[in-house]
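No value in this document is a laboratory result; all are computed from the given coordinates. Keep in mind that this is a model prediction, so the values were computed, not measured. Neighbour counts run over all protein chains shown; Cβ positions are idealised from the backbone, glycine included.
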Amino acid sequence: MRTDRSKDLGPCLPMEGDDRIVCRCEEVTQGEIRQAVHDGMFTMTEIRRYLRCGMGLCQGQTCSRLVSGIVARELGIRPGELRPASSRAPMRPLEMSIWANECQAPDGAAETKKGGAGDEKC
Amino acid sequence: MRSADVVICGAGVIGCAAAYYLAKKGKSVIVIDADEAIGNGGSSRNGGGVRQSGRDVRELPLAMYGIRSLWPTLSEELGTDVEYVQKGNLRLGKTEKHRQILQGLTDRSTACGLDVKMIDKDQVRQINPYLSDEVICASWCPTDGHANPLKTTLGYFRAARKLGAVFLTGEKVLRLRKEKGALRYVETDADTYLCETAIVACGYESRQILDSVGIDVPLTKDLIEALVTEMEPEMFPQMLGTADADFYGHQTRHGSFVFGGSAGYDRENRDFGHLAVYGNTAPAICRATLRWIPRLKDAKIVRTWAGYEDICADGVPVISKIDEVPGLIAACGFTGHGFGISPAVGTCLAELACGEKTSVDLSALRYDRFRSCV
């Protein structure tokens with residue numbers, strides 16, 4: 001959807017419940033989410049990256065609907081018009097030592113293809 | 001038809017930074033991005049390193065300028081905490097061959113005036129006691145560090161927007177158009193924009209846009225991946241890499257560890273446009289990481305992601321005015337290391353667009369440097 005980020009949302013006036021925690025994992029409040037929308041973060045993807053809500057242990061399974069409701073209200077649109085942030089693997093937190101056992105080269109064989117593209121991406 | 005002094009194609013960290021520095025100079029700016037979200041390409045998918053060590057000497061001056069003059073005050077400048085931490089970069093080695101690779105990198109960097117040196121096993125342990133006992137050496141650059149790429153990109157966006165820059169998302173730039181030999185119009189799938197100057201900073205997609213005025217930059221793209229752990233107790237603040245480039249990463253201010261690596265199929269992995277992670281990459285990153293930091297074996301991964309990097313044929317970006325098309329500036333081909341230099345690049349792009357002398361000499365990064373090898 002084409003969006004002009006200069007769209008006038010009016011002033012961000014204080015609202016009841018602004019100090020209420022919406023994302024429990026990362027302790028993000030309703031007021032912080034509303035302010036982020038007024039700072040230009042119009043998508044769930046940006047809200048998540050800017051505030052970390054939905055980036056904790058539950059990966060947004062608890063709060064994403066609440067967050068999209070707050071964002072939609074500030075933007076004056078329906079929550080259904082907001083594309084959800086991406087769901088990402090793994091679906092449950094997984095220990096590094098366990099995941100490290102997957103997709104290994106057969107015993108004794110070298111890894112099938114040489115890596116080397118793992119230089120710092122920054 | 002809307003008009004602006006400068007139209008920027010691409011709202012990644014480069015486009016957002018350029019927009020901010022241009023708006024600060026009083027220029028009117030329109031930024032256009034095909035994606036619905038700001039900075040949804042490599043800008044939000046990289047490892048967050050702000051490093052000079054290990055860089056090609058052609059882009060090293062940009063990295064050194066940014067770390068000296070821009071990164072230390074960026075949070076205050078933007079009014080957004082970009083979580084910049086300047087606690088050094090260790091590039092680790094376990095074998096004599098690794099030592100030779102690291103020594104070569106170190107020698108080339110010191111020749112450019114960078115404070116980086118080789119250190120032995122005991123010195124590595126003093127700096128970071130959590131690494132594998134097999135580490136025998138490292139290159140150490142104390143002025144390197146890391147920052148939060150998500151907050152940096154969105155921080156530049158927020159600050160530029162506050163200064164009046166217009167951002168249009170979900171709108172695809174189709175072509176550039178000249179008038180009387182100079183760049184004058186940017187055409188999208190929704191509108192046409194009149195401008196004095198256009199900056200093309202769309203990653204790999206820059207190639208097609210530049211092609212519309214007959215300019216070709218030799219770019220390809222790789223699909224690479226990274227992952228992040230849950231919050232862990234504070235362990236070490238350095239950025240880590242290795243001589244073999246099998247993994248890299250750091251612990252963020254938040255406590256989670258971000259690691260990247262490769263199973264070796266970055267060019268062959270296919271995603272059909274969905275930016276999907278590949279099943280073999282996360283396990284490869286976990287294996288590589290645990291070889292260097294064994295005590296993270298119980299750290300839980302909460303998220304993995306993939307992103308395209310635009311690979312330039314010779315490994316460093318094109319940041320350049322285009323002689324044949326006055327008014328056109330290209331900034332693309334960052335080859336997976338654009339984030340750390342983004343404040344310096346944004347500064348230089350704003351200077352180029354205003355016809356000023358750039359803070360860093362960009363002559364090694366011109367668009368017409370590609371010659372036959374025979």
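Summary of computed values
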{"quantity": "Span-like helix ranges in chain B, DSSP H, alpha carbon extent 24 angstrom or more, Kyte mean at least 0.0", "calculated": "none"}
{"quantity": "Chain B: relative contact order as a whole-number percent, Cα under 8 Å and 6+ apart", "calculated": "24 percent"}
{"quantity": "Cleavage-rule hits (chymotrypsin sites (Phe, Trp or Tyr not before Pro)) in region B:198-281: DSSP loop, at most 13 neighbouring Cβ within 10 angstrom", "calculated": "B:272"}
{"quantity": "Where a label projected 7 Å from the Cα of residue A:4 along Cα→Cβ would reach, residues of region A:67-93 with amide N under 18 Å", "calculated": "A:75-77"}
{"quantity": "Separation in nanometres of the label points that stand 7 Å from Cα toward Cβ, at residue B:95 and residue B:125", "calculated": "2.3 nm"}
{"quantity": "Within region B:1-120: Cβ-based charge dipole about Cα centre, in debye rounded to nearest 20 (Lys, Arg +1; Asp, Glu -1)", "calculated": "420 debye"}
{"quantity": "Charge dipole (the protein assembly as shown, unit charges on Cβ, about Cα centre) - positive-most of B:251, A:9, B:313", "calculated": "A:9"}
{"quantity": "Residue-averaged beta-carbon neighbours from other chains (10 angstrom radius) around B:150-162", "calculated": "4"}
{"quantity": "Candidates B:68, B:184, B:207, ranked by Gaussian network fluctuation over chain B, Cα under 10 Å, top entry", "calculated": "B:68"}
{"quantity": "Extent along principal axes [Cα atoms of region A:21-80; Å; largest to smallest]", "calculated": "30, 21, 18"}
{"quantity": "Likely footprinting exposure, B:221, B:151, B:297, fewest C-beta neighbours within 10 Å first", "calculated": "B:297, B:221, B:151"}
{"quantity": "Chain B: most fluctuating residue of B:279, B:333, B:241 per GNM, C-alpha cutoff 10 Å", "calculated": "B:279"}
{"quantity": "Cα-projected label distance for residue A:78 with residue A:35, points at 7 Å along beta-carbon direction, nm", "calculated": "3.2 nm"}
{"quantity": "Footprinting exposure proxy for B:80, B:281 (fewest neighbouring C-beta atoms within 10 Å first)", "calculated": "B:80, B:281"}
{"quantity": "Per-residue Cβ neighbour rank within 10 angstrom, fewest leading, A:87, B:69, B:75, A:68", "calculated": "A:87, B:69, B:75, A:68"}
{"quantity": "Value in Å of the Kirkwood radius, where the protein assembly as shown supplies the Cα pairs that are averaged", "calculated": "23.1 Å"}
{"quantity": "Computed label-point distance, nm, for sites residue B:361 and residue B:295 using a 7 Å Cα→Cβ extension", "calculated": "4.6 nm"}
{"quantity": "Over chain A, volume per residue of the alpha carbon convex hull, in Å³", "calculated": "162 Å³"}
{"quantity": "Sequence-separation-based contact order of region A:21-80, relative, with Cα cut under 8 Å and 6+ spacing, percent", "calculated": "37 percent"}
{"quantity": "Positive-end residue of B:127, B:346, B:49, charge dipole of the protein assembly as shown with Cβ unit charges", "calculated": "B:346"}
